Number of protein chains: 2
Amino acid sequence: MTPVETGVAAAEPWSRAEFEERLRDVVRQRYHDRHPFNVRMHEGALSPEEVRRWITNRFHYQRHIPVKDALITAKLDTSELRRTWARRLEDQDGRAPGEGGIERWLRLGEAAGLDRSGLLAGRQVLPGVRFAVDAYVNFCRHRPVLDAVAASLTELSAPDLMRVRTEAFERHYPWVRSGGLAYFRDRVHQGRRDSDEALSLVLDSARDRAGQERAVAAVAFKCEVLWSLLDAVDQASPEQVR
Amino acid sequence: MTPVETGVAAAEPWSRAEFEERLRDVVRQRYHDRHPFNVRMHEGALSPEEVRRWITNRFHYQRHIPVKDALITAKLDTSELRRTWARRLEDQDGRAPGEGGIERWLRLGEAAGLDRSGLLAGRQVLPGVRFAVDAYVNFCRHRPVLDAVAASLTELSAPDLMRVRTEAFERHYPWVRSGGLAYFRDRVHQGRRDSDEALSLVLDSARDRAGQERAVAAVAFKCEVLWSLLDAVDQASPEQVR
């Protein structure tokens, strides 16, 4: 994505269809389902210790999702848009105690033999994971709303990933109690609804080529965040020769 | 509120009761119910044009309430706290189209003969009102969560104000259709519930004297925001000699 060069006329905006295709292309090519650690996870090659390390570190990401969504909500300037986005807060934090995605992730941890208080304390979270999550939250805090919303479009591939992951866990990691997989199952439909809404918002909001390019760059950035998180988890494995 | 001086031992924290009394004292003494413009409003002395100017300018404040509440939500670090605070977003933006405090404020405007699209365009908003609202939103954006939550404690006096205001409008401004007063009526119980929650959070969170003093200063700041808003609306009146 090269920015418009000095002295060159501003590029024409892509058509809506081409813009959407470019957004989807980034996700297809750079989503973390291709990361070696994720490939090993879904093939059933992770040790219990690796599964637990992934759950612990990914929880650090999960618990910051409502934070970035509240920051995005603060940037939306109509009740209608905020109402739509604030439903994501509810999805993660629940309407009542014991509900919500964060609670379901804690139960996944417990189903894998991890301690709830240890997950909440977060002492096992790797530096690279903290940095990647900080980068994402600060991106949503400081960038224009278009960029922040576009970054969420990795959700375009989330439902497929969640379905594959649920099957992989049921097949390869039966020691993780099946009730713990509710997070993955619930995200299949939530992810589809969320990505449909965000995609419409991005397609409607990026009015010129510069905005379209920023949106594509935002999705690429988000893919880097997710990839970097898995890099850190992968690096921590003692068996680095694979 | 003097900060702890160099070379002087840190002051002892106030007792919970004394801290609460100091917070309430600031609101009692500096809340905008005492502002000359508000006094004139409740006495029935405003012209229709002044009532409309107040509604238009106060709407600029109203529409930023969910923005500051989303920023506060992003600073709260448990699902339980965010869930409680996010209910304020719902109160203002509604669960569905046509609901919520912002919509009710637009209906108040319409009941007073103002045009909805004009209110939304905001071209009649005075510079002093914009600055005061920006100051409040940025306070909630940049300050620690304790300060941002404490600033909301002007709500301690809001239910009384709303009750008096509803009666004043029914008595003195019968040309404002009564159905338009739903915002004031709904805020009586919402304001009480919100201020109870925020007060508990502030009393629990300010662990030392410095934190307690910051909380008291935050309420004073918020009183200044509301006062300054009325100053700007008042200054715009042609009849400045009263």
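From the label point of A:R16, set 7 Å from Cα along Cα→Cβ, how far away are the matching label points in the other copies, in nm, ordered shortest to longest?
5.7
Once both labels are modelled 7 Å past Cα along the beta-carbon direction, what's the A:R193-B:A135 spacing in nm?
Once both label points are built, they end up 4.2 nm from each other.
For the protein assembly as shown, max minus min Cα coordinate along each principal axis, in Å, sorted largest first?
Computed over the Cα atoms, the extents are 84, 63, 44 Å.
Measuring from a point 7 Å out along Cα→Cβ, what nm distances, shortest first, does A:D77 have to its partners in the other copies?
The answer, with the shortest distance listed first, is 3.3 nm.
Kirkwood Rh over alpha-carbon pairs of segment B:16-235, then Stokes-Einstein at 37 °C and 0.692 mPa s: what D in µm² s⁻¹, rounded to an integer? Please list the in-between numbers first.
Details: Rh = 17.7 Å.
For these conditions, the coefficient is 185 µm²/s.
Say each of A:R116 and A:R185 gets a label point 7 Å from the Cα, pointing the same way as Cα to Cβ; how far apart are those two points in nm?
2.0
What whole-number distance in Å separates the alpha-carbon centres of segment A:202-237 and segment B:207-227?
Here the two parts' Cα centres lie 40 Å apart.
In chain B, which whole DSSP H runs stretch at least 18 Å along their own axis (Cα) and average 0.0 or higher on the Kyte-Doolittle scale?
Numbers: long enough: B:16-30 (21 Å, -1.55); B:48-75 (41 Å, -0.87); B:79-93 (20 Å, -1.90); B:127-142 (22 Å, 0.11); B:158-172 (20 Å, -0.88); B:182-205 (34 Å, -0.84); B:209-235 (38 Å, 0.31).
Helices meeting the criterion: B:127-142, B:209-235.
Taking 45 Å as R0, compute the FRET efficiency from the Cβ-Cβ separation of A:V39 and B:R207 and round it to 0.05.
Numbers: r = 48 Å, r/R0 = 1.06.
E(calc), rounded to 0.05, equals 0.40.
If each DSSP helix of 4+ residues adds -39,500 (n - 2.57) and the sum is divided by the residues in chain B, what number results at 222 nm, nearest 500 deg cm²/dmol? Don't skip to the answer; put the middle values down first.
Values: 11 runs with 172 residues, N = 242.
Helix contribution divided over all residues of chain B: -23500 deg cm²/dmol.
Just to confirm the filter: which chymotrypsin sites (Phe, Trp or Tyr not before Pro) across segment B:146-242 are DSSP coil and have at most 15 other Cβ within 10 angstrom of their Cβ? Walk me through the numbers on the way to the answer.
Working: sites: B:F169, B:W175, B:Y183, B:F184, B:F221, B:W227; in loops: B:W175.
When the chymotrypsin sites (Phe, Trp or Tyr not before Pro) of segment B:146-242 are filtered for loop state and at most 15 Cβ neighbours within 10 Å, B:W175 remain.
Please compute the modelled spin-label separation between B:A9 and B:E49, points set 7 Å along Cα→Cβ, answer in nm with one decimal.
Going from the B:E49 label point to the B:A9 one covers 6.3 nm.
So how do B:S228, A:S178, B:S237 line up by other beta-carbon neighbours within 10 Å, fewest first? Present the calculation step by step, with values, prior to reporting the outcome.
On the way: B:S228 19, A:S178 12, B:S237 15.
Ordered from fewest to most neighbouring Cβ atoms within 10 Å, B:S228, A:S178, B:S237 come out as A:S178, B:S237, B:S228.
Fully extended, how many nm does the chain gain between A:E99 and A:A217 (0.36 nm per residue separation, minus their Cα-Cα distance)? All intermediate terms of the calculation are to be shown ahead of the outcome.
Numbers: separation 118, 0.36 × 118 = 42.48 nm, distance 3.41 nm.
Length gained, A:E99 through A:A217: 39.1 nm.
Averaged across the residues of B:95-106, what count of C-beta atoms belonging to other chains lies within 10 Å of each residue's C-beta? Please report the intermediate quantities before stating the final value.
Details: counts 3, 2, 3, 1, 2, 3, 1, 3, 1, 0, 0, 1.
Whole-number average of other-chain Cβ neighbours for B:95-106 is 2.
Share of Cα-Cα pairs in segment A:148-242 beyond 21 Å, in percent? List each step's numbers first, then the result.
On the way: 2239 of 4465 pairs.
When all Cα pairs of segment A:148-242 are counted, 50 percent exceed 21 Å.
Closest approach to the A-B rotation axis by any Cβ of A: residue and distance in angstrom?
A:A70, 2
In nm to one decimal, list the spacings between the A:S237 label point and its equivalents in the other copies, with label points set 7 Å along Cα to Cβ, shortest first.
Reported distances to equivalent positions: 7.4 nm.
Calculate, for B:V164 and B:R16, the FRET efficiency according to 1/(1 + (r/R0)^6) with r their C-beta to C-beta distance and R0 30 Å; round to the nearest 0.05. Walk me through the numbers before you get to the answer.
Numbers: r = 30 Å, r/R0 = 0.99.
My answer for the efficiency is 0.50.
Values in this text are rule-based calculations from the coordinates and carry no lab data. Being a predicted model, the structure only gives us computed values, none of them experimental. Every residue, glycine as well, gets a Cβ built from its backbone with ideal geometry; the counts of neighbours run over all protein chains shown.
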